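Just below is one structure, and these are the notes that go with it.
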Amino acid sequence: MVLSDADIRKGEEVSITPFKDKNLTPNGYDLTITEVYIPSTEERIEEGVAKVPPNTWFAVSTEEYVKLGKGVCGQLWIRTSWARRGVISSFGVVDAGFKGTLTLSAFNGGTKELDIPIGERFAQIVLHGLRNEAEEGYGKRSGKYQGQRGVTLAREE
């Protein structure tokens, strides 16, 4: 079952900080950019506009700190406005019990430099209620990125 805007607003199993009413959608929440990291140039952009060259991989951190209870998971989707500019991304599931900011991986597949304003909405999280609460949340199952803040690249096992 997908959580509605009313379910998200209740905040019983979900906490999003800061919460901006304008980012709430009928069946999800739009996540905003607080940091862009471009590994090829080792640039970390936290204000203004990040300029990502064509054919370049980059990572984005969300401004929002998301906390999910053991009865909810999230699915991440790029906003179509970015896909229409040539951004290619592959997102996954945010496990029940996760808490932290989210690091999103993307690629500028376009032929032109891509302007990414800090504070712009980048992806949507769609929240799903689990049939049964997880026995153990993300923090106990793997927890490798539990509590992360800012762009966090792959961590060794």
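Derivation of every value follows stated rules applied to the coordinates shown; laboratory data play no part. Computed from a prediction, not measured in an experiment: that's the story for all the values here. Glycine also receives a Cβ, built like all others from the backbone with ideal geometry; neighbour counts cover every protein chain displayed.
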Check: Under a point spin-label approximation (7 Å from Cα along Cα-to-Cβ), what is the K10-R131 distance to one decimal in nm?
Finding: 2.1
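Could you calculate the FRET efficiency of E43 with R141 from 1/(1 + (r/R0)^6), where r is the beta carbon distance between them and R0 is 30 Å, rounded to 0.05?
Numbers: r = 34 Å, r/R0 = 1.12.
Efficiency at R0 = 30 Å is approximately 0.35.
Where does each of 104-111, 5-12 land if you order them by average Cβ count within 10 Å, highest first? Write out the running numbers ahead of the final one.
On the way: 104-111: 17.6, 5-12: 14.2.
Averaged packing, sorted descending, gives the order 104-111, 5-12.
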Item checked: Cβ-based charge dipole, segment 80-143, positive-most Cα from G100, G129, W82 -> W82
Note to self: Taking 35 Å as R0, compute the FRET efficiency from the Cβ-Cβ separation of M1 and W57 and round it to 0.05.
What the structure shows: 0.50
Margin query: Ignoring everything except DSSP H segments at least 4 long, calculate the 222 nm mean residue ellipticity for the chain; use -39,500 (n - 2.57) per segment, divide by total residues, nearest 500.
Written below: -1500 deg cm²/dmol
Notebook entry, point to check: P(r) for segment 5-131: what percent of alpha-carbon pairs falls in each 5 Å bin, starting at zero?
Noted result: 2, 11, 22, 23, 17, 12, 8, 4, 1
